[in-house]
C-alpha cells in the first residue's frame, strides 16, 4: 500500500521545484518592471549643471558672468534638528518655515534630497558651512546665477529664470526638466542653445537610506557637463554706459548700429532696471515689482515700441520717387499749405530743399505722383495698385516686418496695404485723398526705433543693410554667428540716388538740429517728431557719421520731449562723439541733455 | 565491527557533494550580500559575515568528521536522551537566554551562542524515529497517531513560547514523513482541501461565491454517490462545516495580531502596504526580478548590496542569488535541492530498518519545508516566515543543525550493510 507513497513524495518535490522556477521565470525573465524598479531604488541620476557661457562686449569687456550660489539640501530621513532655537538662528528662518520646508521635503521623499533653503548668499554660506556637520541630512549644492559687473544693457542681454510649465510642454528636445534655468528674454533667450552648454549626468548608487555608495558601474555611463559657449556681443560697453547715463530719468530708446556690418553698438531702453535684480533668490519678488511699475521698465522699447516715423520718412519717399523716376533732384513743388500744414520756408523747393526744410506739401504732391501713375483709368483701382507697389519698396527698407534682430518679441510696426484700406473703407471707396498722410510719415505708418536706426544705416550705406544684430562672435569666432547676419540686404534703390539725400541730411542739421552739429565730424541727420495724442510729442532723430565714411548710424527716441532737434538730436550727437572720439568736447550740451528740460 | 564502520566507499558521495556545493554557493552569496565596493574586504575577512561563515563551515566539517567516525548505533541509542536534553534546553532558553527583538532564541556564553530551536530539529527527528520504529507502531490507528503527534508537539509548544513561530512551523513538515509511514490518506485529502478552502476564502472577497460553490459540489457528490441516507447526511455535514469554516476564517484572521494579518493579506495584494509589511516582499521581489535571465553578475547586485532587502544574508539570501545570477542561477540551486531531496528519498527507501528510514524521511521533511517555504516567501508565494535556506543562509546554529541532521543520515546510510533488516 505504501509502495507508491515514495513516488508521490518525489512528485511533490518536483512539483514544488517546478512551481518555484515558474514563478521565478515570470518575475525574472517575463517581467522587466522589476529591473526598472531596482534602478529607481538604487541608482540616482545626478545632473551636473554646465557653466553658462559668458557674454563680453565688442571689445572683450565682460558684461555677464556666473556667480556661485548655494542651495541647502535636505534628506528628511537623516535630518536631526537638535537644538531648534540654535538651528533657527543659524539658518535665519522661522519655526513655521522650518516645519513647512521639512514637511514639503518629506512629502517629496524621505530619502531623496530636496531643496530646503534656496539660494543662500556667499556670506551666509561662509557663516553656516562650518556648522553643517552638526546637522546630518543637510548638505550644500552649488549652482550659479548670472551676475553683471556693470548694471547696463539689461534689455539687450535679457535674463534667465526657471523654465515655465508651458515652455516645458513646448520643448521638443527633451533637454529641460522642471527647475532648469533658461534664457527668458533678450540675448539670453535668443542664444539659449549656445549659452546653456550641455548638462552632464552622474549615476550614483545609493543604499536604502539614500547614502552614497559610489558611482554606478565605475562611472561608465557618466557624462561630464560641457560649459556653454562664450559670446561677444556687438555692444560697446562704454557707449552703452554713456547712453544710459544720458537717458537717465527719461523714457525712450537709443539704437546705434555699425552700418557696414549691422552690429548693434548700443541699445538702450529707458527707463532701465538693474539686471542684477533679476537674478538669484529675489528674481520673483523683483520681477513682480518691476512689472507693476507704471513706467514699464521691463518693456523693451527699441524693438517693442512703435511710433509713426514722421518727417524722417520723407527721406524714404524721396528715394522711392527717385528710383521710380517720378522725382529728380530738380523736381520742384510749391509749398502749398492748403494741401497740408507746413512751416515757413522759401517756396517752391526742389527735392534737396524739400528734405532740408522737411516740406510737407512737397511730399503730399510727390507721393500722389508715386501712387497714381495712371496704370488704371479707375482712380480707385489706380490708387490700390500704386499703394501696393509703393509698399513693396517700403518693405525693402526693413519696415513693416520683423528685421530679425537676435532678440525675442520684435514688433513689426505697420506699413498699410490696399487690403487694409479695403477692409476699413471698402473696395473702391478710398483713394489718394484718404491715404495722403502716409506721404509725410503719418497715418497708419508705425516703425520701431530699431527699424529707424536701420533706416539710418541704409542711408549711410547708400542702399543696403545687414540685419541689425547683437552678436559679434561666438567663442571669439565671428564666422560662427548666424548666417542671416552675414547677408547683405539691398533695398532696391540705386546707390547714386543716395548722394543727394546724404547731402541734404548733412545740410538739414543746420536747419532743424543745430545742437547736433560738430566741428570736426560731419553728421548727416534728420529730425522727426512723433505726434503723441496723449501728451507732449516724442522727440526723434536719426543720423549717421562721419558722413563720408559712416561708422555709426543712430536713432534716438525721447518720449514726451517735444521737438526732435532738442532732446533726440543732442543725445544722438553726444553718442556719436563718444563712439568716434571716446571723449566729450561739449560739456554744456551734455549738461543740457542730463538736465532733461526739453519743453520750453 | 568498529573497523568496518567507517567505510568511505559506502558513503553516499552524491549527497555529500550536493551538500558542499550548496554550502560553498551559499558562502559566496553571503559575501555578495555584505560586499561593499567602497570598503574592499576579502571574502576571508572575519570582520564580515562571509569570514565568520567560513569559520562555521570549518567547524561544520569537524562535526561531519566526528559524526562519520562515531558508532552508527550511537544515535539510535542516544535518541531519547538527546531529545530530553533538547526539551530541557528549550524549556530553559526563555530564562537563561538573551532577548533580541522580543524573542529569546539563543543561549550561550559571550559571543558563542547557540539556538536550541535549531538543534531540536534533529533531536526530534531521532526521537520520532526511535518512537515509531516498533513493529507494532501503526499510524492508521488513533492511539499511535496521538503518540507520534505528542512527541512532535512538545518541542513545538516550547518553541512557540520563545516565541519563534517560524521554527515551530517547521515541525509540521513531518506530515511528509507521516505520509510515508502510513498516516491514512484521508488526512491529506482533508488537509489539502482545507488549505484550498482557506486560500480561496482569504483570496475571494465575497464568501457567498465560495459557499455557493461548496453547495454545488456537495450536491453533485450526493447525486453521483450511492444516495444512501448515511452518505447524504455525511456529505451535507461536511458541506455545512466547510461553509461555516469559510465564514469563521475571516473572523479568525481579524482576531490575529495586526502584523500577522498583514503578512497573510500581503500575499493576495503585495501593494497593500508597500512601505510596511509589504516592504520585505516587494524589495525581495524587486531584487530577484531585476536579475533577469542571467543576473547582474557576481557582486554587481544593487538591491541586495545596498540594504534594500532586509535580512538578506540570512532568511533572504536567495535574493542575492536571484539578483546576481538571475533565473539560471535560481535554476541551478533549485535543481540541486530537488536532486538532493530525490536522492534522500532514494536513500531512505534502501534502508534496512525502520529507524533509519523514518529518520531519513524526517530529514527530507525538514529540508523540504525549509527549501519550499524560504524560496516561496522571497518571491511572494508564501507569507514571510523567518526560517533559513538550508546550507545557504548565514548563521552557525542553522548550518550546524542542518549538517548534523543530514550527516547523521548519511552515516546511517553508510552503515546500513552492517544492520539487520528489521522492517515493520
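Laboratory data are not the source of any read-out in this text; all were calculated from the coordinates shown. As the structure is a computational prediction, the values presented were derived from the model and not from experiment. Glycine also receives a Cβ, built like all others from the backbone with ideal geometry; neighbour counts cover every protein chain displayed.
Enter the mean projected area of the convex hull around the alpha-carbon atoms of the range A:45-233, in nm², rounded to one decimal.
Spelled out: convex hull of the Cα atoms, projected over all directions, averaged, 12.9 nm².
Each label was represented as a point 7 Å from its Cα along the Cα-to-Cβ direction; for residue B:36 and residue A:140 these points are 2.7 nm apart. Distance between the modelled labels on residue B:88 and residue A:409, one decimal in nanometres: 9.3 nm (7 Å Cα→Cβ projection).
Calculated from the alpha-carbon coordinates, chain A shows an Rg and a Dmax of 33.3, 139 Å respectively. Estimated purely from DSSP H runs of n ≥ 4, each contributing -39500 (n - 2.57), the mean residue ellipticity at 222 nm for the protein assembly as shown is -15500 deg cm²/dmol once divided by its residues.
Arrange the following residues from fewest to most other Cβ atoms within 10 Å of their Cβ: A:121, B:393. All intermediate terms of the calculation are to be shown ahead of the outcome.
Numbers: A:121 13, B:393 24.
In order of increasing Cβ crowding within 10 Å: A:121, B:393.
Placing a label point 7 Å from the Cα of residue A:104 along the Cα-to-Cβ direction, the residues of the range A:115-139 whose backbone N falls under 16 Å from that point are A:115-120. Extension gain for the segment residue A:175 to residue A:114, taken as residue separation times 0.36 nm less the Cα-Cα distance, is 19.9 nm to one decimal. The mean number of partner chain beta-carbon atoms within 10 angstrom of a residue's beta-carbon across peptide B:301-312 is 4.
Averaged over residues, the count of other Cβ atoms within 10 Å places the peptides A:95-102, A:188-195, A:82-89 in the sequence A:188-195, A:95-102, A:82-89, highest first.
Quick check on the exposure proxy: order B:198, A:295, B:302, A:571 from fewest to most C-beta atoms within 10 angstrom. Could you put the intermediate results ahead of the total?
Details: B:198 16, A:295 11, B:302 23, A:571 30.
Starting with the residue having the fewest Cβ neighbours, the order is A:295, B:198, B:302, A:571.
Measuring from label point to label point, each 7 Å out along Cα→Cβ, what is the residue B:300 to residue A:521 span in nm? It works out to 7.0 nm between the two label points.
A Förster radius of 51 Å, combined with the Cβ-Cβ distance separating residue B:44 from residue B:141, puts the computed FRET efficiency at roughly 0.40. The distance linking the range A:496-530 with the range A:215-248 is 39 Å (Cα centroid to Cα centroid, whole angstrom). At R0 = 30 Å, how high is the FRET efficiency between residue A:597 and residue A:395 if r is their beta carbon distance? Nearest 0.05 is fine. Calculated transfer efficiency: 0.15. Over chain B, one equal point on each Cα, no solvent: what is log10 I(q)/I(0) by the Debye formula at q = 0.06, 0.07, 0.10, 0.12 Å⁻¹? Treating every Cα as an identical point scatterer, log10 I(q)/I(0) equals -0.28, -0.39, -0.79, -1.10.
Rounded to two decimals, what is the ratio between the C-alpha radius of gyration of the protein assembly as shown and 2.2 N^0.38 Å? Walk me through the numbers on the way to the answer.
Working: Rg = 47.3 Å, N = 1024, 2.2 N^0.38 = 30.6 Å.
Normalised Rg, Cα atoms only: 1.54.
Counting only other chain Cβ atoms within 10 Å of each residue's Cβ, the peptide A:87-98 averages 0. Between residue A:343 and residue A:584, what FRET efficiency comes out of the Förster formula 1/(1 + (r/R0)^6) with R0 = 35 Å and r the beta carbon distance, rounded to 0.05? It comes to 0.65. Taking the centroid of alpha carbons for each part, the range A:70-101 and the range A:281-331 are 52 Å apart. Based on DSSP, what percent of beta bridges with both residues in the range A:45-233 are antiparallel, to the nearest 5? Bridges in the range A:45-233 that DSSP calls antiparallel: roughly 95 percent.
If you take the Cα centroid of the range B:374-411 and the Cα centroid of the range A:336-366, the two points sit 111 Å apart.
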